[in-house]
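Notes follow once the structure below has been shown.
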Amino acid sequence: MDIVVSGIRSTGNLHLGNYFGALKNFVKMQNENKCFFFIADYHSLTTHPTPKELHSIVKNVLVEYLASGIDPEISTIYIQSNVPEVTELYFLLNINAYLGELERCTSFKEKARSLPNNINAGLLTYPVLMAADILIHKANKVPVGKDQEQHLEMTRQFGNRFNRMYNCQYFTEPVAYNFGEALIKIPGLDGNGKMGKSEGEGNAIFLSDPPDVIRKKVMRAVTDSGPKVMNQPKPEIIENLFTILNAVSTPDTVEHFDALYNNCQIRYSDLKKQLAEDIIAYTEPIRNRINEISKDDEYLRKVVNMGTEKARESASKTVREVRQIMGFRDF
Ligand code: TRP
């Protein structure tokens, strides 16, 4: 059985893109592997240091994970900052992480460019903290997208370097968890590539969006003036709507609108109305659970305590062994 670790950036509400691109598959993954899911609240501090929002953002992400089907009895779901062993390992790994390699990291360079007034050491050592997150449970699989491949490579580097430095075979190499065909990339509604909360207002449909908001966003989605030639290929903005339709509707519905498009008889307002209703129906059980769970503080406390306990059990074992290897001894 594989040990899987996945960290969730806690920068806001989850959207349909997160659901189809990750969450939906996590729910399946948890039955076949030993999974650790955590909310990376320390990581979010490197760019979002807002005390007023910190707790509510963490709570939202936790609620939305649970509502999407992550089962706290099967998986270990926890909050990064509740497991102090992670920061301990982070420091111990920092000792052997070099300035040059950290400065060369693409995500660091991008953040440094976009936030020139806040190039803090936390940003620089972001990959070390991420390595600690992964190595702390000795994970061998990490479900990451392309943008995180370099961080995963650095994790292998830090683990291997530790093994060399201390002449041991302690850490194993984590590799990317491959979902293969199952991953669906959900495009945004504004015709600009993928769905994301940092894109324009209305680009993303959030799991917590009420039906009327979903309707409004979908009806405002960008379209063109319609096909003029039978069976012409769809331009990207139209293909995007079909991609979302494909994810949430029945094959019959997709076929129906596809045929209308090919006959040049499609009315985009009809397509959008159907799309909105199908998104609403698809997300309804998740939305209902979000509303239920977010009111149930007692349940959330139970989940968090259980997750912290399970995560610390695994994490403290690793830190104990790492300290031993590094030469720390009890008096
Ligand atoms: N860096 C990841 C992201 O931005 C989040 C993350 C932090 C993570 N620690 C992790 C992902 C450990 C996987 C494993 O998406």
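The values are calculated or read from the model by the stated rules, or taken from the named source; none is laboratory data. A quick note: this is a predicted structure, and the numbers were derived from the prediction, not measured. Counting neighbours? That spans all protein chains shown, and the Cβs are built from the backbone with ideal geometry, glycine included.
In this structure, residue 42 does satisfy being in contact (Cβ under 8 Å) with a residue 12 or more places away in the chain and of a type in the set (Phe, Trp, Tyr). Restricting attention to the range 17-42, the residues that are under 13 Å from the mean Cα position of the chain (by Cα), part of a helix (DSSP H, G or I) and closer than 16 Å to residue 7 by Cβ add up to 7.
Among the residues of the range 177-189, none qualifies, meaning not one is within 24 Å of residue 99 (Cα to Cα), assigned to a helix (DSSP H, G or I) and free of Cβ contacts under 8 Å to residues at least 40 places away in the same chain. Here residue 164 passes the criteria (1) within 21 Å of residue 323 (Cβ to Cβ); (2) within 8 Å of the ligand (Cβ to nearest atom); (3) of a type in the set (D, E, K, R) except the one numbered (2).
Could you check, for the range 181-189, whether at least one of its residues is within 14 Å of the ligand (Cβ to nearest atom), closer than 30 Å to residue 247 by Cβ, outside the structural domain of residue 240 (by TED's automatic domain parsing) and surrounded by 15 or more Cβ atoms within 10 Å (Cβ to Cβ)? Talk me through it step by step, then tell me what you get.
The initial filter retains those residues of the range 181-189 that are within 14 Å of the ligand (Cβ to nearest atom), namely none.
Looking for residues that are within 14 Å of the ligand (Cβ to nearest atom), closer than 30 Å to residue 247 by Cβ, outside the structural domain of residue 240 (by TED's automatic domain parsing) and surrounded by 15 or more Cβ atoms within 10 Å (Cβ to Cβ), one finds none in the range 181-189, hence no.
When residue 36 is tested against the conditions (1) surrounded by 20 or more Cβ atoms within 10 Å (Cβ to Cβ); (2) away from the ligand (no atom under 14 Å from the Cβ); (3) at pLDDT 95 or above, the lone failure is (2). Does the range 87-106 include one or more residues that are assigned by TED's automatic domain parsing to the domain that holds residue 24, in contact with a Pro (Cβ under 6 Å, 6 or more places away or on another chain) and surrounded by 13 or more Cβ atoms within 10 Å (Cβ to Cβ)? Yes; the residues of the range 87-106 include at least one that is assigned by TED's automatic domain parsing to the domain that holds residue 24, in contact with a Pro (Cβ under 6 Å, 6 or more places away or on another chain) and surrounded by 13 or more Cβ atoms within 10 Å (Cβ to Cβ). For first residues located in the range 299-322 and touching a residue at least 60 places away in the same chain (Cβ under 8 Å), partners that are surrounded by fewer than 17 Cβ atoms within 10 Å (Cβ to Cβ) and in a helix (DSSP H, G or I) and lie 6+ apart or on another chain with Cβ distances below 9 Å form the pairs 312/84; 315/84. Here is the figure for the range 1-57: residues that are closer than 25 Å to residue 201 by Cα and not polar (S, T, N, Q) total 26. Filtering the range 191-219 to residues that are modelled with pLDDT under 95 and of a type in the set (D, E, K, R) leaves 194, 197, 199, 201.
Inspect all residues belonging to the range 54-63 and state whether any of them is surrounded by 22 or more Cβ atoms within 10 Å (Cβ to Cβ) and either more than 16 Å from the ligand (Cβ to nearest atom) or outside the structural domain of residue 11 (by TED's automatic domain parsing) (or both). Within the range 54-63, one or more residues are surrounded by 22 or more Cβ atoms within 10 Å (Cβ to Cβ) and either more than 16 Å from the ligand (Cβ to nearest atom) or outside the structural domain of residue 11 (by TED's automatic domain parsing) (or both). On the given criteria, is residue 79 in the same structural domain as residue 23 (by TED's automatic domain parsing), buried (at least 23 other Cβ atoms within 10 Å of the Cβ) and β-branched (Val, Ile, Thr)? No, not satisfied.
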